[in-house]
Amino acid sequence: MQPRASQPQAMQSRVRQRVMVVGSPGAGKSTFARQLAQSSGLPLTHLDDLYWRPGWVRPPPEVWQVQMGEAVSAERWILDGNYAGTLHLRAQRADTAIVLAYPRGLCLRRAIVRAVFKRRPDAKELGKEPLDWAFLRFIWTFPKLGKQQLEQLRAVPHLEVVVLRNDEQARTFLARC
């Protein structure tokens with residue numbers, strides 16, 4: 001089954017009640033989600049804040065599953081982050097998925113600049129974001145995973161999927177919310 005082509009009309013849609021924002025590290029998910037929350041009034045949860053423990057320590061899987069179940073059970077939300085293992089759970093409850101499908105070079109540059117020069121606003125008490133070859137390789141190879149995620153999202157019948165490929169499209173979308 002061929003995935004649907006991105007529809008320009010999708011950018012004209014209004015955000016509803018439960019929105020998931022996904023994309024490569026460095027694409028700007030957290031910034032986009034924060035702006036979307038401001039314009040829509042929906043409460044925002046950065047999944048990195050929910051997932052990571054201080055010092056970038058992973059939680060036990062059973063704790064993470066409980067946290068995700070609680071997050072998606074709310075009536076209104078924006079959930080920002082990838083976490084492929086919970087993509088289906090979020091998609092089943094969401095009414096809108098916004099996919100930031102930005103070029104990998106841009107994502108790499110942004111992730112490096114963020115890790116070296118900035119503190120992530122969505123990673124409140126985690127300390128400096130680690131930057132290693134595994135993380136850079138993940139960003140470089142993300143387009144393959146991103147394509148798989150997009151196909152999975154498009155297979156959810158009730159889910160409106162909006163694909164944004166650059167900052168201009170993101171600004172246009174936000175201006176219409």
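If the chain linking Gln38 and Phe117 were pulled fully straight, counting 0.36 nm for each residue of separation and taking away their Cα-Cα distance, it would gain 25.9 nm.
For segment 84-111, the residues whose backbone nitrogen is under 16 Å from a point 7 Å from the Cα of Arg58, taken along Cα to Cβ, are 84-87.
Only Cα sites of segment 24-177 enter the Debye sum here, all with the same form factor; the resulting log10 I(q)/I(0) across q = 0.09, 0.19 1/Å is -0.28, -1.45, listed in q order. Only the Cβ atoms of Lys and Arg (+1) and of Asp and Glu (-1) were treated as charged; on that basis the dipole of segment 42-177 about its Cα centre amounts to roughly 560 debye.
With a Förster radius of 30 Å applied to the C-beta separation of Glu75 and Ala175, the computed FRET efficiency comes to 0.70. On the principal axes of its alpha carbon atoms, segment 19-66 extends 34, 23, 17 Å, with the longest extent given first.
Other residues lying with their Cβ under 15 Å from the Cβ of Lys144 contribute a combined charge of +2, Lys and Arg counting +1, Asp and Glu -1. Report the paramagnetic label zone for Gln17: residues of segment 85-112 whose backbone N is under 17 Å from a point 7 Å from Cα along the Cα-to-Cβ axis. Flagged as within label range: 90-97.
The numbers here are math on the coordinates, done by the rules we state, and not lab data. Predicted model, so just to flag it, every value in this text is computed and none were measured. All Cβ positions, even for glycine, are placed from backbone atoms using ideal geometry, and neighbour counts span all protein chains on display.
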